[in-house]
């Protein structure tokens, strides 16, 4: 169930207010800005490279956090309290109850992309993962903190891989079907406030479970 939560957090990251509105810009990069034959194949290849780029970074972070968590297992109670409290703060910020500039800001690394190929798309994905960290930080941070409680580097890698899939699959689908999904995107934009509050409440709930040490017990009951 922890893995399912990581996947869902990736999807929620995709529909976040600072990421979804930029989707047409990314799709333009993937297509090279040209209406050419074979555009769908080119778009898919570039989008796959982009997803691979940020997946490599997020998985590496997951391995690091899980390794760090395994070293701190003797202090599990303290780790639970700190990580849970941080996730609760993330949730309250997402709900708009708190206003933390570091989490709300978007620090983009500027890079001009004229003709994107697979390998340059991978680099672009890596740049995305670094430059947009404040934007995706709320749910990425939650996934990383849950990974730190697993006590296993392999579990941390799997969790952040699933988070990346949750973020990456909508990117791939949108890159190919963006014209057909405009109505869906508009619905999400119209209901951002409600979506943010629900997602923020989910984070607060996860944080409380992490603080009290009940996370594994609850997930075990649900699995």
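All of the numbers you see were taken from the coordinates with simple rules; none came from a lab. Keep in mind it's a predicted model, so treat the numbers as computed, not measured. Reconstructed Cβ throughout: ideal geometry from the backbone, glycine too, with neighbour counts over all protein chains shown.
Could you list 167, 72, 5 in order of exposure, starting from the residue whose Cβ has the fewest other Cβ atoms within 10 Å?
Ranking 167, 72, 5 by Cβ neighbours within 10 Å, fewest first, gives 72, 5, 167.
If each residue of separation counts as 0.36 nm, what is the full-extension length gain between residue 98 and residue 71 once their alpha-carbon separation is subtracted?
Gain on extension, residue 98 to residue 71, equals 6.5 nm.
How much FRET efficiency would the formula 1/(1 + (r/R0)^6) give for residue 119 and residue 11, where r is the Cβ-Cβ distance and R0 is 25 Å, rounded to 0.05?
0.40
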